[in-house]
Amino acid sequence: LTRELGCVSCHGFGPGGEPKGPDLSKVSGILARRELAEAILVPSKTISQGFPATTLDLKNGTSILGFVVGDAGGSVTIRTVEAKNIKVASSDIAKRSLMEVSLMPPVAGDLTVSEFASLLDYLESLGK
């Protein structure tokens with residue numbers, strides 16, 4: 001179900017690979033079932049620490065969207081949704097905007113109650 005919904009496109013489910021979004025392998029140790037359901041149904045209500053999306057508008061007219069993973073020494077490193085780290089000189093940034101919504105789309109709208117319960121069961125089982 002996580003593949004059908006596209007969860008694996010953005011989330012890690014254990015060690016390995018570059019994370020594009022929060023790793024879900026231990027999510028059941030962080031969120032109770034009700035909170036987990038809410039995070040899936042209304043992803044912008046609470047955005048995981050370290051994963052607020054940022055847009056960098058560059059002076060050359062282009063923009064980069066992703067998660068800031070480094071900000072020091074006169075440069076900003078942003079990880080894109082393709083899991084590519086891009087380092088940008090601070091002097092090349094015209095505007096830096098923190099998005100107020102999650103990049104995660106609400107994915108559960110087409111699920112039956114049984115499928116949604118199965119998804120929650122699976123996510124809860126990962127931390128055990």
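A few points about this structure:
- Test: residue in region 32-50 that is exposed (fewer than 13 other Cβ atoms within 10 Å of the Cβ) and touching a strand residue (DSSP E or B) at 6+ places or on another chain (Cβ under 9 Å): yes
- Val69 falls short on exactly one of the conditions (1) in contact with a helix residue (DSSP H, G or I) (Cβ under 7 Å, 6 or more places away or on another chain); (2) more than 17 Å from Arg3 (Cα to Cα); (3) of a type outside the set (Ser, Thr, Tyr), and that condition is (1).
- Flag if Glu115 is open to solvent by 60 Å² or more (accessible area, probe 1.4 Å), more than 20 Å from Val27 (Cα to Cα) and not β-branched (Val, Ile, Thr): no
- Hey, Thr112 of a type in the set (S, T, N, Q) and within 27 Å of Lys45 (Cβ to Cβ) or not: yes
- Selection from region 92-105 of residues that are outside any helix (DSSP H, G or I) and either touching a Pro at 6+ places or on another chain (Cβ under 6 Å) or charged (D, E, K, R) (or both): Lys95, Arg96, Leu98, Glu100, Ser102, Met104
- Test result for Val81, touching a Lys or Arg at 6+ places or on another chain (Cβ under 6 Å) and either of a type in the set (A, V, I, L, M) or free of Cβ contacts under 8 Å to residues at least 12 places away in the same chain (or both): yes
- Qualifying residues in region 69-88 (those that are of a type in the set (A, V, I, L, M) and either closer than 25 Å to Glu38 by Cβ or open to solvent by less than 40 Å² (accessible area, probe 1.4 Å) (or both)) - the one nearest to the chain's Cα centre (by Cα): Val81
- Residue match in region 6-14 (condition: at pLDDT below 85, under 28 Å from Val113 (Cα atoms), open to solvent by 50 Å² or more (accessible area, probe 1.4 Å) and not in a helix (DSSP H, G or I)): yes
- Note on region 95-112: among residues that are surrounded by fewer than 13 Cβ atoms within 10 Å (Cβ to Cβ) and small (Gly, Ala, Ser), the one that is modelled with the lowest pLDDT is Gly109.
- Of all residues in region 52-64, those that are assigned to a strand (DSSP E or B) and open to solvent by less than 70 Å² (accessible area, probe 1.4 Å) total 6.
- Number of the condition not met by Asp110 [criteria: (1) in contact (Cβ under 8 Å) with a residue 12 or more places away in the chain; (2) outside any strand (DSSP E or B); (3) closer than 30 Å to Ala37 by Cα]: (1)
The values are calculated or read from the model by the stated rules, or taken from the named source; none is laboratory data. This structure is a prediction, so every number in the text was calculated from the model and none was measured. Ideal geometry is used to build each Cβ from the backbone, glycine not excepted, and the neighbour counts take in all protein chains shown. Quick note on the areas: whole protein, heavy atoms, side chains included, nothing else; ligands and nucleic acids left out. Shrake-Rupley method; radii C 1.70, N 1.55, O 1.52, S 1.80 Å.
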